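Right, one structure below, let's go through it.
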Amino acid sequence: MQKDLIAELARRLWEAGNGADAVDPAAADRLDDLELAYAVESATRDLAIAAGERAIGYKIGLTSQPARDTFGADEPSAGHLLAGRLLEHGEPLATAGLFNPLAEVEVAFTLGEALPGPDVTAQDVRDATATVAPAFEIVDSRWHGGPRGLPMLVADNTNAARAVLGSALALSASGDLSRLTATLTIGSTTVPGSAAAVMGDPAEAVAWLARHLLRGGRRLEAGDIVLSGTLCAPTAISAGDHLIADLGELGRIELDVN
């Protein structure tokens, strides 16, 4: 019975992310625990790969305490990144096919080494990182009206939708990531942010991800991209918007929305 539920929810969420209608929340009535939710998320990843997609890394959600409080979560949540959902720097974002997109400002890590141990620390992450870059993640829920609880959020790949990375820097050249501040500008709207909102340090969030993946028999590998969590509050966007994120010494990134 659970296998049928996992397969059905994965199929419907995958289809909703590829042009079908948003999924009725009633379909999640039996989605009542995180183990089952992560099984659905993994099944959507399998469907993507079977359709010719390529997994290129991970995204981390609920990295701030207020976000975790909203969902009653004891820890962050994790989803996968797909090559076909990563925009080229300078490529506009098409809102067609998205439901209620929000922009997040993130630090993207690209790993130069695997992180295999069960006790990965933030320093291990810093040592294993090849580059970091400013990034936008566009989050969107495939559930009609959005997720109504933590299992729904996790099953829907923690709302991962699109992403774009800016110019990469060697981590040693970026300074102390925990002290980064950010400003998201959309027209006349400015949204302040800070790396302190990302578990105190984005490298701490990546360390959490490494430990989380090991519990499920996976690990972070060399070449993986990790979106470590948003520095600014998720902000609604629409066609015609021009987004600018300034992360100080880590650089700026811009995005046009069509």
Checklist entry - On full extension of the chain, what length is gained from Ser194 through Gln123, given 0.36 nm per residue of separation minus the C-alpha to C-alpha distance? => result 23.6 nm
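Roughly speaking, to the nearest percent, how much of the chain's 1.4 Å accessible area is carbon and sulfur? Provide the component values of the computation, followed by the final result.
Working: 5480 of 11150 Å².
The nonpolar share, carbon plus sulfur, comes to 49 percent.
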Item to check | Reciprocal mean inverse distance between Cα atoms of the stretch 1-95 - Kirkwood radius, Å | outcome: 15.0 Å
Checklist entry - Per residue, how much accessible area does the chain have with a 1.4 Å probe, in Å²? => result 43 Å²
Item to check | J(HN,Hα) series, the stretch 216-233, from Karplus relation 6.51 cos²θ - 1.76 cosθ + 1.60, nearest Hz, glycine and proline x | outcome: x, x, 10, 8, 6, 10, 4, x, 5, 9, 10, 8, 8, x, 7, 7, 10, 4
Item to check | Solvent accessible area, Å² - Arg215, 1.4 Å probe, full protein context | outcome: 150 Å²
Checklist entry - Of Asp4, Asp124, Asp241, which has the most accessible area and how do the rest follow, probe 1.4 Å? => result Asp4, Asp124, Asp241
Next on the checklist: So if the hydrodynamic radius of the stretch 53-119 is defined as the Kirkwood radius over C-alpha pairs, what does Stokes-Einstein give as its diffusion coefficient at 25 °C and 0.890 mPa s, in µm² per second?
Outcome noted: 166 µm²/s
Checklist outcome for this item: Once all protein chains are kept in place, Thr44 shows an accessible area at probe 1.4 Å, nearest 10 Å², of 10 Å²
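So in the chain, what percent of DSSP beta bridges are antiparallel if you round to the nearest 5? Present the calculation step by step, with values, prior to reporting the outcome.
Working: 46 of 53 bridges.
If we restrict to bridges inside the chain, about 85 percent are antiparallel.
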Next on the checklist: Using only the alpha carbons of the stretch 88-183, what is the convex hull's orientation-averaged projected area in square nanometres?
Outcome noted: 8.2 nm²
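Under unit Cβ charges (Lys, Arg +1; Asp, Glu -1), what dipole magnitude, rounded to 20 debye, does the stretch 1-141 have relative to its Cα centre? Don't jump to the answer; show the numbers that get you there.
Working: 10 positive and 25 negative charges, 64 e Å.
With Lys and Arg at +1 and Asp and Glu at -1, about 300 debye.
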Item to check | Glu35, Glu88, Glu104, reordered so the largest accessible area comes first (probe 1.4 Å) | outcome: Glu35, Glu88, Glu104
Checklist outcome for this item: Pseudo-spin-label distance Ala55 to Leu87, built 7 Å along Cα→Cβ, given in nm, is 2.5 nm
Checklist entry - What net charge is computed for the residues neighbouring Ser194, neighbours being all others with C-beta under 13 Å from the C-beta of Ser194, Lys and Arg scored +1, Asp and Glu -1? => result -3
Item to check | Tyr58, Tyr38, ranked by accessible area, largest first (probe 1.4 Å) | outcome: Tyr38, Tyr58
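The values are calculated or read from the model by the stated rules, or taken from the named source; none is laboratory data. Computed from a predicted structure; not experimentally measured. Virtual Cβ from ideal backbone geometry, glycine too; neighbours counted across all protein chains shown. We work out accessible area using only protein heavy atoms, side chains counted, and drop any ligands, DNA or RNA first. Shrake-Rupley method; radii C 1.70, N 1.55, O 1.52, S 1.80 Å.
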